[in-house]
Structure formats: structure tokens, C-alpha cells
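Asks: Can you read through this structure? Questions will come right after.
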Amino acid sequence: MQVAMAGINKAFGPVRVLEGVDFSVAGGEIHALMGENGAGKSTLMKILCGVYSADAGSITVDGLPVNIRSTRDAEERGIAIIHQELNLIPQLSVMENLFLGREPRRFGVIDSGRMRREAGVWLQKVGAGQIDPTREAGTLSIGQQQLVEIAKALSLNAQVLIMDEPTAALTEHEIATLFQIMADLKARGVAIVYVSHRMEEIFKICDKISVLRDGSFVGERVIAETGFDEIVKLMVGRELGERFPAREVTPGEVRLKVADLSDEGNISGIGFEVRAGEVMGVAGLMGAGRSEILKTLFGVNRATCGQIELDGKPVVPRDPGEAIAAGIGFVTEDRKSQGLVLGLSVRENATLVHLDEYARGGVVNGRAESAAVQQLIGELRIRTRDAELDVKSLSGGNQQKVVFAKWLAKPPRVLLLDEPTRGVDVGGKAEIYHIINRLAAAGTAIVMVSSELPEVLAMSDRILVMHQGRQAAIFDARTTNQEEIMTAATGGL
Amino acid sequence: MTPQQKATLQKLGPFIALMVVCVGLAFMSPDFLTVGNLMNVMRQVSINALIAFGMTLVILLGGIDLSVGSILAVSSVLTAMLMKAGYDPVLATLVGILAGALMGSVNGLIVAKGKVAPFIATLGMMTVLRGTSLVLSNGSPITGFSSDFFSTLGGGYLAGLVPVPVVWTLLMFALFWFVLKKTVFGRHVYATGGNPEAARLSGVKTDRVQIWVYTISGAMAAMAGVVLTSRLNSAQPTAGVGYELDAIAAVVLGGTSLAGGRGWIFGTLVGALLIGVLNNGLNLMGVSSFYQLIVKGAVILLAVLLDRAGKR
Ligand SMILES: Nc1ncnc2c1ncn2[C@@H]1O[C@H](COP(=O)(O)OP(=O)(O)OP(=O)(O)O)[C@@H](O)[C@H]1O
Ligand SMILES: [Mg+2]
């Protein structure tokens, strides 16, 4: 099966998002779609699967023009998508989500026994057999939800499978399973479109790559004949500096000291120190308790035992407000549910944490606020036409930068980062790394959870590895390597 | 049409509807467009508008306050009893409004700390407080208090032209507009309503915001109660039944989303005016009150349906 899009135009109001884009993918091929944040990748894929309709252009399947007006249409033609933003209905169970709208029936009634068995099989396939199909989807971690989404797309038996940043929420382990599945699908002749900002993955599994820049198609390459630098140049339109900017910081006094920290069952016996200007990376598999450390430090989860000291003084944040008052910041993992108020503007989101900085007697000084937001937008190169736009109209990576911006108005003493570059493009990542370095240079102690091992290795001074809620090891980032970290993360030490 | 233009048009939708209805009524009834009648309409609207302002905050939080009618009654009865017992009318009025705030704060505590759904919490309070107003007043209206100050609150005129309740309403409108648009608290209301989890993780004390908002809603209901009592020159323990529905209708007509996080106070003012003008116009045209209900309900449904359609 060969799907081709030609001359696709799409505008949202006055903003032209896609202009004359050509894109095609054939059965038995894994085709990467790359481009900077906001380049139009998700929009193009949403057109292919019937979420949006193109303003101009055509779509052909095996040379025959087709008219895809809804996701139903697309599914009937064998085109399925895993969206960039999670779309499970939190109140429904995993299996109800999996079979939403096409529940197995018997005598007109939902056959829940069969639904459960089949859900189990699909979950097993994506390496998530441990998830109970009857569990409420909202109670799953982000990574698990992502696996359910993948299982759902697979269960549609699509001939064309679009994956919009499916690995953003996954750790190495699940990613390996996913790649195996993709290889199988490819062997069976399925066409796969793969959107990702993780260069390593692209070169590992893809056959071809198409690049978008500012809504235009700039080229298609065969992976075997191209390289990292060429792709980045196509994407950004210029040479990019170093991927991981070097940091020269001499760590100062101990800023954050954690001893024997446990919470209500997710983590126990955690102890480490982070000095001013130091970056402590946290690695581990999904569910190993990485985020839970941050949540406990931030007062979201209750600590059941242990001490937290900030600059030598004990702190026990009981809620995020207290943590923030003590000088702790937290870039959360899931921007949609925890990081942003989607219905508010970029400006209102960016200043939510430190609004008091621009207010006197509870009254906001609009001019000071706008000026600060403009500065943040410039500093982080957030791509938005206007700070007054709803934050939800930004592309995924730009939304992530807004989450970051919330904490920068007033540099925190300790900054907790949970997957800080999820969904951010290469250039944006470098910008965020620069910001991390700058904060560190100004004396902030940083704790960074990340599933991207290259990022953890390059950005951290030391790396804490978690395994099943306990800390397995702390490595010096200069002397350790991926293998050593993975071994510790899987309990091999 | 760009999304911005569309959004602006949609925001102004209720206002346009109000204009259309006004023009229509002006043609149909010669009495409609007289200064006297318009002032009369505004005065009638003021009670609903005052309650609806508080309700706007509650709905912005994604909540609902069904107890406003009962709070209004308890406050009225309390104020009247105090005055009848010989207390200073200014003091009695203040105590009435404070009592409203207090009742509202109980709503807020139940919702924020007790984690009870707002619908249920305020439904319970609605019943409890209705009972309270009946108990306090022994079930009969309280009359026989007279005070110049107090009768001015609901019946007086500013400069011999603008009814005092209308002045209150406009002042409160300005205050609410300012709070929502310009203050940290207003921003926190929007953030909490839009995404409570993200707001909390950004350090917003969402519990406190909720408690304050219900407190304000209670105070506004009590204020409406003062105006009503002053105008009728008596306090009715059964006053305010069904007022919550008119207030909610005004808020929703004005374009504030019941899901929370989105809306504005100007819309609520327009919504309240729209309901008031419709009532008045139908009265002037001699439409029976039975049919009035049908028309009013149909207009609300139509407005909300149009709003939905515009959002697609
Ligand atoms: N519903 C919408 N309304 C208005 N603008 C939109 C809408 N959806 C996307 N856009 C804009 O279209 C552009 C392309 O967005 P898109 O989500 O396709 O980017 P992307 O390439 O997927 O980026 P990312 O890598 O960050 O996910 C962005 O500038 C975005 O702000
Ligand atoms: Mg995208």
C-alpha cells in the first residue's frame, strides 16, 4: 500500500501552517517525519487521518484519489494514528478505552469477558501485560497510558500506522519493545510514519526521512545515505552548534540534602546531596519511582520518613505552595494535565507561578507582566504569534517551553525537572540545555529526571539510578556509560 | 473570518442578542423605550445581576451554587429582625451581608475541604438554609421596620433618576471586572477552574480560592437580599426561591462555560439584562406569565445552542 499526499495546504485563520507539502510512504517502510517544533508535522498527520481537512491538495492511496473526511473514514481505509497528546478517557477502564466505539458484542450486549481477554492480548504485545485491563485509565502513569494508546492503534490492524512521538513518555526498555513491534509490522508490509525528535531512534529504525521546515516540505532522504548533520541542517536551515553545550561550573555548598526519604509506598531510603550549581540526573525504568522523588520533594506526595534540607535548614513542604515559597521549582512531566492550563493564554500560563512578582497589593501590573512574558518568549524562543493566544494552539514542543518559562521568572534555589525536553526539537533542546546551564551557573541545584540516556549522561554531573523504588547507585557522569546505567536500572548490580 | 474575529463576534453574541431584542420590543411596544421603563427594567434586573456576579466566579471555578436563594432569604430575615429589634439599620445591613458571606464560606469549606461535589454541597445548604429562614421568622413575613437609610438601599434614586440598586449593580460590576481582569486572585480563579491540578502544582492555593469564591457568592446573594427587602419593605422567609436558576441562566447566556475556566463578567451583566428585558417586554405586551416562562426557557436554550454551534 502506498499513500501519497500532494500539495497540501492548511491554515488556521490567518496562520498558514502547511504550504504545498508533499509526503508519501509505502508499505514495508518506516518513514521518519522530522522538523522543528511547530513545523507542521502533527498537523500534516492529522490531515492524513481525518482529524483536520486540508484547504488544498490531494491524498491518494495506491494511486487512487481518496477523500478522508473523518477519523472513521481513515480507519476504514486502514490508516490509524497514535496522537502526540494522550487521548484516553481517564474515567473509563483500559479495555473500554482500547475498544471505544467498536466494543465486542454478543446478542447486542457488550461482551466484557471477550473484551478483557482481547485487551490482555494487545497489552501483552506492547510489553504491558502487567496492566490490568479493568483498571481506570486515569490511574495509569503517562508511560503506561502511552503503551495503551499504542496497543489501541495496533488493535485496529492498520495498513498505515502513524506514530506521533510515541516514545516521548517511554523509557529504554519499553522503547526496545516498541521497536521490535515496528520491525514486525514492517515485515508484514505495514507502512509506518514515525515522528520523533530523538535522532538516535531515527537512525536506528527508519528507512527514509522527510523533513518539514516552517510548513514546507524541504526534502526526503534515504537514511542510509544521510547523516545527523544533514538532517539538522534541513530542519533548522542552518548548522547547529553543539548538541549538548558544555558547562563550566564549580559546584558550591550543598544546596539540597535528602536523607532516608520514603513516601507512601513508591520510594524508600532515598538519600543524596546536590550542590549549588550541580545537576543531578535521575535515571531508571518506568515506574521505578523517579518522578515520585520529585513529587515528594515538592510536597505533592507525603513523605513518611526521612529529612530534606535546603541550604542546611530542614524543610518539610506539605503542599506545592510551601515548596515554591522555600525556593523549589518543578517542571512537571505531563504538560497537558499538570503543566498548563490549556484554556488560558501563553502569558497567563507563563506567569502563573510568580504572578506576585508583577503585582502590588494583589493587583497585577499588566505592562510589567507583558514585558516579562515577552522576555521569556524571546529567551526560550517560544514560537507563538502572540502571547495572548491560548497555550493549546501552540505545537507540543512550544507548549513544553511555556511550562519551563513558568519557573524562570525568578530563578529557584532548587529546580526539579521531570522530562524537561519531552517533545522538544533539537534546537529547542539545546536552548533548554543552555537555560539549565545558566541556572546552574547562577547557583541553582538541579535534579533532572529523564528517560533519554544521552541527555542524562551529557547534562548531569552525577547520576542517581533508581530500581523498583530504591536507589540502585549514584554514578559520576564523567566515568559512567549507558550500559552501566541500564544494568543498575534493571537491578543487575 | 479569522478565528479572532470569530471569537470576538461570539463573545459579543449575547450583546447583539440584547440589542436585537431591545429594538424588537421598541417597535412592538411604544412604552418600552421610555426612560422610566428602562430604569424600571434595570432595577428589576439588579437583584438577579448581583447574584449572578457571584455565581460567575463560582461557575468559572467549574462549580455551581444552588444555595443563593436560601442565603438571600436568611440574610433578609436576619437584617429585618435586627432592625425590628431596634438595632442600627446600617449595622443590621452589614450583619446581614456578613452572614451571607459566612454561609457562603460554609459552602466553600464543604466543597474544598470536604471534597463534596458543589452541586450536592450547595443543594444540601439550600435546604438547610431555607429551613433556617423559616425557623428564624417563624414562617411569616417580617414587617414593621422603617428606616430612611434602609429604604433608600432598594427604593431610592440617585440624582432623582437612577435607582440606587442600579448604582450598586454598576459598582459591583466594575469591582468584579477589575478583580477578574487585574488581580492575582482573579487569575487564580481562572487557573483553578481551567485545570485545578496544574494550578495547584503552580503554587495556587486552590482550596483557599474555592472557599473565597463561595464566600463572595454568599455575600452577593445577601446583598441582593438587602435590596429586595428594602424594596418590599418586608422580609419573606420564602424569598429567593428559584433565583439560583435565573442567576445561572444569566451567567451561561453571557457565555461563561459551565466547565469552568472560561468566561467574563460583562457577559453576565448582558445575560441578566437580556432576561430582564424579555420579562419586561413580555409584560408590556400583555403575554401571560405562563407563556413568559416558555419564551424565557426557549431563549436560554437557543442562546446556548448558538454558542455551542459557534465553538465548532
Ligand atoms: N488548532 C490550531 N489552531 C491554531 N494554530 C494551530 C492549531 N494547531 C496547530 N497550530 C499551529 O500550527 C503550527 C504547526 O503545529 P504542529 O502541531 O503541526 O507542529 P509540530 O511540527 O507537530 O510540532 P511539535 O514538534 O512541537 O509537535 C504551530 O505553529 C501551531 O501553533
Ligand atoms: Mg507535533
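Asks: Which condition number does residue A:17 fail, the rest of (1) away from ligand 1 (no atom under 16 Å from the Cβ); (2) in contact with a Ser or Thr (Cβ under 8 Å, 6 or more places away or on another chain); (3) of a type outside the set (Lys, Arg) being met?
Replies: For residue A:17, the exception is condition (1).
Yes/no per residue for (1) more than 16 Å from ligand 2 (Cβ to nearest atom); (2) touching a residue at least 60 places away in the same chain (Cβ under 8 Å); (3) within 14 Å of chain B (Cβ to nearest Cβ); (4) not aliphatic (A, V, I, L, M):
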position: A:397; (1), (2), (3), (4): no, yes, no, yes
position: A:402; (1), (2), (3), (4): no, yes, yes, no
position: A:435; (1), (2), (3), (4): yes, no, no, no
position: A:457; (1), (2), (3), (4): yes, yes, no, no
position: A:475; (1), (2), (3), (4): yes, no, no, yes
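Asks: Among the residues of the stretch A:62-81, are any over 19 Å from residue A:215 (Cα atoms), within 14 Å of ligand 2 (Cβ to nearest atom) and more than 14 Å from every other protein chain (Cβ to nearest Cβ)?
Replies: yes
Asks: Continuing with the same structure: Could you grab the pairs with beta carbons closer than 7 Å, sequence gap of 6+ or different chains, first residue in the stretch A:140-165 and in contact (Cβ under 8 Å) with a residue 60 or more places away in the chain, second one of a type in the set (Phe, Trp, Tyr) and crowded, with 22+ Cβ neighbours inside 10 Å?
Replies: A:163/A:194
Asks: So, residue A:90, is that one away from ligand 1 (no atom under 13 Å from the Cβ), open to solvent by 40 Å² or more (accessible area, probe 1.4 Å) and in contact with a Ser or Thr (Cβ under 7 Å, 6 or more places away or on another chain) or not?
Replies: For residue A:90, the condition - away from ligand 1 (no atom under 13 Å from the Cβ), open to solvent by 40 Å² or more (accessible area, probe 1.4 Å) and in contact with a Ser or Thr (Cβ under 7 Å, 6 or more places away or on another chain) - is not met.
Asks: Name the one entry in A:11, A:39, A:56 that is free of Cβ contacts under 8 Å to residues at least 60 places away in the same chain and closer than 19 Å to residue A:394 by Cα.
Replies: After applying the criteria, what remains is A:11.
Asks: Oh, and also: Taking the stretch A:289-322 only, how many residues are within 10 Å of chain B (Cβ to nearest Cβ), open to solvent by less than 10 Å² (accessible area, probe 1.4 Å) and part of a helix (DSSP H, G or I)?
Replies: So the count comes out to 1.
Asks: Name the residue that is farthest from residue B:53 (Cα to Cα), counting only residues in the stretch B:178-203 that are crowded, with 17+ Cβ neighbours inside 10 Å and more than 7 Å from chain A (Cβ to nearest Cβ).
Replies: Selected residue: B:196.
Asks: Just a yes or no: is a residue in the stretch A:46-57 closer than 27 Å to residue A:226 by Cα and either within 14 Å of ligand 2 (Cβ to nearest atom) or surrounded by fewer than 22 Cβ atoms within 10 Å (Cβ to Cβ) (or both)?
Replies: Among the residues of the stretch A:46-57, at least one is closer than 27 Å to residue A:226 by Cα and either within 14 Å of ligand 2 (Cβ to nearest atom) or surrounded by fewer than 22 Cβ atoms within 10 Å (Cβ to Cβ) (or both), which makes the answer yes.
Asks: Scan the stretch B:73-89 residue by residue and report those that are under 17 Å from residue B:228 (Cα atoms) and of a type in the set (A, V, I, L, M, F, W, C).
Replies: Passing the criteria: B:73, B:74, B:77, B:78, B:80, B:81, B:82, B:83.
Asks: Looking only at the stretch A:406-435, which residues are surrounded by 24 or more Cβ atoms within 10 Å (Cβ to Cβ), among the aliphatic types (A, V, I, L, M) and part of a helix (DSSP H, G or I)?
Replies: none
Asks: Condition first: under 25 Å from residue A:175 (Cβ atoms) and surrounded by fewer than 15 Cβ atoms within 10 Å (Cβ to Cβ). Now tell me which residues in the stretch A:93-131 satisfy that.
Replies: A:121, A:124, A:129, A:130
Matching residues to (1) more than 9 Å from every other protein chain (Cβ to nearest Cβ); (2) surrounded by 20 or more Cβ atoms within 10 Å (Cβ to Cβ); (3) in a loop (DSSP other than H, G, I, E, B); (4) β-branched (Val, Ile, Thr):
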| site | (1), (2), (3), (4) |
| --- | --- |
| A:324 | no, yes, no, yes |
| A:329 | yes, yes, no, no |
| A:333 | yes, yes, yes, no |
| A:341 | no, yes, yes, yes |
| A:357 | yes, no, no, no |
| A:368 | yes, no, no, no |
| A:371 | yes, no, no, no |
| A:375 | yes, no, no, no |
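Asks: Kindly evaluate residue A:348 against the criterion of being assigned to a loop (DSSP other than H, G, I, E, B) and open to solvent by 30 Å² or more (accessible area, probe 1.4 Å).
Replies: Here the answer is no, as residue A:348 does not meet what is asked.
Asks: Please find, within the stretch A:59-71, the residue that is nearest to the chain's Cα centre (by Cα) out of those that are surrounded by 12 or more Cβ atoms within 10 Å (Cβ to Cβ) and free of Cβ contacts under 8 Å to residues at least 60 places away in the same chain.
Replies: My answer is A:71.
Asks: Something else about it: Are any of the residues in the stretch A:18-39 within 13 Å of ligand 2 (Cβ to nearest atom), within 14 Å of another protein chain (Cβ to nearest Cβ), open to solvent by less than 30 Å² (accessible area, probe 1.4 Å) and touching a Gly at 6+ places or on another chain (Cβ under 7 Å)?
Replies: Scanning the stretch A:18-39, I find no residue that is within 13 Å of ligand 2 (Cβ to nearest atom), within 14 Å of another protein chain (Cβ to nearest Cβ), open to solvent by less than 30 Å² (accessible area, probe 1.4 Å) and touching a Gly at 6+ places or on another chain (Cβ under 7 Å), so the answer is no.
The rows are residues; the columns are (1) more than 16 Å from ligand 1 (Cβ to nearest atom); (2) closer than 18 Å to residue A:112 by Cα.
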position	(1), (2)
A:131	yes, yes
A:141	yes, no
A:155	yes, yes
A:162	no, no
A:173	yes, no
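Asks: Just to be sure I understand, how many residues within the stretch B:239-257 are assigned to a loop (DSSP other than H, G, I, E, B) and under 22 Å from residue B:8 (Cβ atoms)?
Replies: Adding up the residues that qualify gives 4.
Asks: Check off (1) among the polar types (S, T, N, Q); (2) open to solvent by less than 60 Å² (accessible area, probe 1.4 Å); (3) out of contact with any helix residue (DSSP H, G or I) (no Cβ under 6 Å at 6 or more places or on another chain); (4) not in a loop (DSSP other than H, G, I, E, B) for residue B:268 and give me the number that stays unchecked.
Replies: (3)
Asks: Please verify whether the stretch A:75-93 includes one or more residues that are in contact (Cβ under 8 Å) with a residue 12 or more places away in the chain and more than 26 Å from the chain's Cα centre (by Cα).
Replies: Yes, the conditions are met somewhere in the stretch A:75-93.
Asks: Continuing with this model, one more query. Is it fair to say residue A:329 is touching a residue at least 60 places away in the same chain (Cβ under 8 Å), small (Gly, Ala, Ser) and within 16 Å of ligand 2 (Cβ to nearest atom)?
Replies: So residue A:329 does not fit the description; no.
Asks: Can you spot a residue in the stretch B:211-226 that is outside any loop (DSSP other than H, G, I, E, B) and within 14 Å of chain A (Cβ to nearest Cβ)?
Replies: Yes: one or more hits.
Asks: Within the stretch A:133-155, can one find any residue that is in a helix (DSSP H, G or I), among the charged types (D, E, K, R) and surrounded by fewer than 19 Cβ atoms within 10 Å (Cβ to Cβ)?
Replies: No, because not a single residue in the stretch A:133-155 is in a helix (DSSP H, G or I), among the charged types (D, E, K, R) and surrounded by fewer than 19 Cβ atoms within 10 Å (Cβ to Cβ).
Asks: Does residue B:174 qualify as being within 18 Å of residue B:256 (Cα to Cα), in a helix (DSSP H, G or I) and either of a type in the set (Val, Ile, Thr) or more than 9 Å from chain A (Cβ to nearest Cβ) (or both)?
Replies: yes
Asks: Consider residue A:389 carefully, then state whether it is within 14 Å of another protein chain (Cβ to nearest Cβ), touching a residue at least 40 places away in the same chain (Cβ under 8 Å) and away from ligand 2 (no atom under 16 Å from the Cβ).
Replies: Here the answer is yes, as residue A:389 does meet what is asked.
Asks: Wholly within the stretch B:1-116, which helices (runs of 4 or more DSSP H) include no fewer than the required count, namely at least 1 residues that are among the basic types (Lys, Arg)?
Replies: In the stretch B:1-116, B:3-28, B:35-60, B:68-84 are the helices (runs of 4 or more DSSP H) which contain 1 or more residues that are among the basic types (Lys, Arg).
The values are calculated or read from the model by the stated rules, or taken from the named source; none is laboratory data. On a predicted model such as this, the values are computed, not experimentally measured, just so you know. So basically every Cβ, Gly included, is an ideal-geometry build from the backbone, and we count neighbours across all protein chains shown. Ligands, DNA and RNA are stripped out before the accessible areas are found, and what is left, the full protein with its side chains, is counted by its heavy atoms. Shrake-Rupley method; radii C 1.70, N 1.55, O 1.52, S 1.80 Å.
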